[in-house]
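The values are calculated or read from the model by the stated rules, or taken from the named source; none is laboratory data. Because the structure is predicted, anything quoted here is derived from the model rather than measured. Because the Cβ atoms are built from the backbone with ideal geometry, glycine has one as well, and the counts that use them run over all protein chains shown. What goes into the accessible areas is simple: the full protein's heavy atoms, side chains included, and nothing from ligands, DNA or RNA. Shrake-Rupley method; radii C 1.70, N 1.55, O 1.52, S 1.80 Å.
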Amino acid sequence: MPEPQNKLSVRRCLTFATGLVECLCFAGAVFGWAALVFVLKEDRYFSSLCVNTTRVNGTQTLDCSAQDEQYSLIFTIASFMNNFLTLPNGFLFDRFGTTLTRLYGIFLYTMGTLMVAFSSSALAYLLFPALSFLAVGGILLLMTNIQVGNLFGSRRSTIITLYNGAFDSSSALFLIIKLLHESGVSLRTSFLFLSACSVVHILRTFFLLPRNLIPYPLPDRFTYGVTCGNSVTASAEVAANGEAHPAPEETAFTKNAPVKQGPVKSVIYLSLLSGVGLFLFVVPLHLTTLCLFLSLSEKTFRECLLSRFFMWHLLWLSVMQLRHYLFIGTLNPMLQRMTGGEASLVSQYTNAFAITQLCGVLCAPWNGLIMDRHKGKPRAAGETEQEADLRASVLSLFLTALQCVLFSLCASTPYLPLQYLTFILQVLNRSFLYGGNAAFISVAFPSCHFGKLYGLVMALSAVFSLLQYPCFALVKGPLGGDPLYVNVGLTLLSVLAFIHPVFVFMHCRNLASERARSKASS
C-alpha cells in the first residue's frame, strides 16, 4: 500500500524545516568574516606583522596593514574556493546524489571547524585551509538543500530563495561567536561545539533526505523518503500492463548520459578522495575532473553552456559578487579608517553589520515571491511554463542589479552613519543575488543539469572574484588607503549587470511576437 498522504506531508515539511535550520545556522558562516576578524585580532593572530612607524608629524603609530592583508587574503582564498569548487561538486551531486555529496561536505566542514578550534596566534596559518574547508563544506550543504524546493511545486522559487537567504543569514554565526568571546567563551570552545553539531547533519542525511535526487516536476504518485520514486500502486499498474519504464528520477538524470561511464566514476571518486588529502592537491584533481567531464558531457549540456542566457547570467553574478566580496573582506580596515581606529566604534558597527545579516532569511523569500507571482494564473495561448517562468524572472534580475548599484554608491560614500544603510542594502542585495541565481538556473535550463550549471557559474564567477585582492592591494599601496577610486570603478562595473534582465526581457518579447505572428497567419 502507498504511504499515507499525511505522513508524506509531515516528512516533506520536516525536511524543509530542518534544512532551513541547517542553512540558517551553519552553511554560510564564512561570510561573517568581519566579526571573526575582530576576535582574531583580540587573540593576536598575525600580530607579529604589526610594526611601529613614524608619521609625518613625528608621532609613533602602529601600522597593521600587513596584518589586514593576511586577513583579506584568507577571505579571498576562502570565497574563491567556495565558488570554484562548486563546479566539480556539482558534477558529484548530479552523478552520485545527495548522500555521498553531503557526507563529503560534512567532512570538509568538520575539518574546517576543528582547524580553527586548534589554531592559535602561533598557528595562525591554519586559518588559510580552515576557512576554505568551511566555505566549501557550507556551499555543499546549501546545494543539497536547494532540491527540497522541488517538493513544493508552485512555491519552488520561493523555497529556493528562502534557503539562499538562510545561507546569507548564517553569517551572523560569527557574531554570536564574537559576543560569546567577549563574555569569556574561548574561540576553541565555540568551534569544538560547531564540530560536534556535524552529528546532526549526518543524522539528517540518512533519515530525512533521499539517497539520490528529487526530480522536477514531480511525477504522478511520487513518494518521498530515503528512496524517491513511484508509489507501489504505480509499480503494480506497470506490472499489470506488462510495460516497464524508467523511474522519473532516473529518466531526468540519465536520459542524455554518455555511454562511457567508467572514466567518469573514476574521476568522481578522485574528486571525493581529494578532500581527505592536503588542500594543495584539491584544485588540480578537481580541474582534472572538469576537463574529463566536459569531454564526455552530453550535447544538451554543451548547448546550455554556450547559450547567451548562461553568458549574461555569468556576467550578472560575477560583477555583483565581486562588489560584495570586496566589501566583506575589507569591512574591518574600512571601519578602522572611518572611525580613526576607535575600537568601541569598530565593534559597534561590526555588530550592526552582523545583525543585519540575520535579515537575509526575511529578504530572500520576497525575491522568490516575485518569481512565483505568475503561478496559478492562466498563461497566454501557446505560452510554455518555462517561458512564463523566464518572463517572471525579469523583474527579479532587474531589481537585484538596481540594489547592487545603490549599495555600491552608499559603500563608496565616506560618511560613517550612512554605513547603516549600506549594511541594509548589502544584505538585501546579497539575498536577492544568490537566491535569484539558483532560481534562474532552475527555470532557464533542464533540471538534470542544475548541479553542473550551478557549479560552473559559481566556479567561473570565483575566478572573477579573485580581483578583490589586487583591488585591496591597490588601495593599501598606490592609493594610500583611500578606496574612493576603486569604489567608483566597481560601481560603474556593477551597471553591466543590467544587460542580463534586458536580454531576458527581449527574448520573452520575441517569443510572444512569434506566437502572435503564427496565430495571425493560421
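Considering Phe464, Phe440, the condition of being part of a helix (DSSP H, G or I), among the aromatic types (Phe, Trp, Tyr) and more than 18 Å from Ala135 (Cβ to Cβ) is satisfied by Phe440 alone.
Any residue in segment 314-329 that is of a type in the set (Val, Ile, Thr), within 20 Å of Val504 (Cβ to Cβ) and open to solvent by less than 30 Å² (accessible area, probe 1.4 Å)? Among the residues of segment 314-329, at least one is of a type in the set (Val, Ile, Thr), within 20 Å of Val504 (Cβ to Cβ) and open to solvent by less than 30 Å² (accessible area, probe 1.4 Å), which makes the answer yes. Hey, does segment 504-519 have a residue that's open to solvent by 10 Å² or more (accessible area, probe 1.4 Å), modelled with pLDDT of 90 or more and among the aliphatic types (A, V, I, L, M)? Checking segment 504-519: at least one residue is open to solvent by 10 Å² or more (accessible area, probe 1.4 Å), modelled with pLDDT of 90 or more and among the aliphatic types (A, V, I, L, M).
Taking the listed residues Phe503, Phe432, the one that is within 15 Å of Trp312 (Cα to Cα), of a type in the set (Phe, Trp, Tyr) and in a helix (DSSP H, G or I) is Phe503, with no other qualifying.
The residue that is nearest to His313 (Cα to Cα), among those in segment 464-493 that are among the aliphatic types (A, V, I, L, M) and in contact with a Lys or Arg (Cβ under 9 Å, 6 or more places away or on another chain), is Leu493.
The rows are residues; the columns are (1) part of a helix (DSSP H, G or I); (2) closer than 20 Å to Val457 by Cα; (3) at pLDDT below 80.
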residue: Phe310; (1), (2), (3): yes, yes, no
residue: Leu317; (1), (2), (3): yes, yes, no
residue: Leu326; (1), (2), (3): yes, yes, no
residue: Met338; (1), (2), (3): yes, no, no
residue: Gly341; (1), (2), (3): no, no, yes
residue: Gln348; (1), (2), (3): yes, no, no
residue: Cys363; (1), (2), (3): yes, no, yes
residue: Trp366; (1), (2), (3): yes, no, no
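Kindly check whether there is at least one residue in segment 485-494 that is in a helix (DSSP H, G or I), open to solvent by 40 Å² or more (accessible area, probe 1.4 Å) and either touching a helix residue (DSSP H, G or I) at 6+ places or on another chain (Cβ under 7 Å) or of a type in the set (D, E, K, R) (or both). Taking every residue of segment 485-494 in turn, at least one turns out to be in a helix (DSSP H, G or I), open to solvent by 40 Å² or more (accessible area, probe 1.4 Å) and either touching a helix residue (DSSP H, G or I) at 6+ places or on another chain (Cβ under 7 Å) or of a type in the set (D, E, K, R) (or both). Scanning segment 41-67 for residues that are closer than 21 Å to Gln468 by Cβ and either touching a strand residue (DSSP E or B) at 6+ places or on another chain (Cβ under 7 Å) or buried (at least 24 other Cβ atoms within 10 Å of the Cβ) (or both) gives a single hit, Tyr45.
Listed by first and then second residue, the pairs with beta-carbon distance under 7 Å, at least 6 apart or on different chains, first residue in segment 344-356 and closer than 12 Å to Thr422 by Cα, second among the hydroxyl-bearing types (Ser, Thr, Tyr), are Ala352/Tyr420. All conditions but one from (1) assigned to a helix (DSSP H, G or I); (2) farther than 21 Å from Met458 by Cα apply to Val185; the one that does not is (1).
Checked against the criterion of being polar (S, T, N, Q), surrounded by fewer than 24 Cβ atoms within 10 Å (Cβ to Cβ) and either at pLDDT 85 or above or in contact with a helix residue (DSSP H, G or I) (Cβ under 8 Å, 6 or more places away or on another chain) (or both), the candidates Ser169, Ser183 yield just one match: Ser183. Given the criteria more than 25 Å from Pro446 (Cα to Cα), among the polar types (S, T, N, Q) and at pLDDT below 80, does Ser120 qualify? Spelling it out, it is not the case that Ser120 is more than 25 Å from Pro446 (Cα to Cα), among the polar types (S, T, N, Q) and at pLDDT below 80.
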